[in-house]
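Below you'll find the structure, written out as structure tokens, and then a few comments.
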Amino acid sequence: MCRKGDIMLKGEVAEMVKSATNLSDEMLSNLHPGLEKLFENVPKITQYRIVAEVVKSERCFAEVKEGDKLVFDPNLNPDKSTGVMCPRALLPVTVQVNALFEMNAEWANSGKEEIPEIVFRNVRCLDPGFEDGGLGGVVYRIRLEKMGA
């Protein structure tokens, strides 16, 4: 539920959001309240990057290899990522990354110091595998890493 007319974000957080998005105060007042929690916790959330590392690669036509990494800090960072960025792999990885953004916002808001465990941390690319009419496929394992570590 949106709180129409109330400005939810204040101070440095509001200025950060306005600077990054060019939203006016009026537009800020129409944001979903859940975004307040997310934006207020950006400083804590951005202490961690999300890394998706290839742990299995079989007959990948794009030549994605074991050990290749996609690094999100918070956006996909091509300079820190390695290997090929195949669109058939990016879609399922970014869906999981989006879910982790939600999880991280909840964690940051909880006041707990220990980051939560990622239970479903393996993600497969969209190639169904040779047995099911594809070529092979790639599996990424997703983890959180403390920045600067």
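The values are calculated or read from the model by the stated rules, or taken from the named source; none is laboratory data. No experiment lies behind these values; they were computed from the predicted model shown. Cβ placement follows ideal geometry from the backbone for every residue including glycine, while neighbour counts extend to all protein chains displayed.
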- Note on the structure: Within segment 17-29, the residues that are more than 20 Å from residue 75 (Cβ to Cβ) and surrounded by 15 or more Cβ atoms within 10 Å (Cβ to Cβ) are 28, 29
- Considering segment 85-113 alone, what residues qualify as being in a helix (DSSP H, G or I), among the small types (Gly, Ala, Ser) and over 22 Å from residue 125 (Cβ atoms)? 105, 108, 110
- Item | Subset of segment 91-149 (residues that are over 26 Å from residue 36 (Cα atoms), touching a residue at least 40 places away in the same chain (Cβ under 8 Å) and either surrounded by fewer than 16 Cβ atoms within 10 Å (Cβ to Cβ) or not assigned by TED's automatic domain parsing to the domain that holds residue 78 (or both)) | 122, 129, 130, 135, 141
- Message: I'd like to know if segment 58-73 contains one or more residues that are in contact with a strand residue (DSSP E or B) (Cβ under 7 Å, 6 or more places away or on another chain), farther than 30 Å from residue 129 by Cα and crowded, with 17+ Cβ neighbours inside 10 Å.
- Response: no
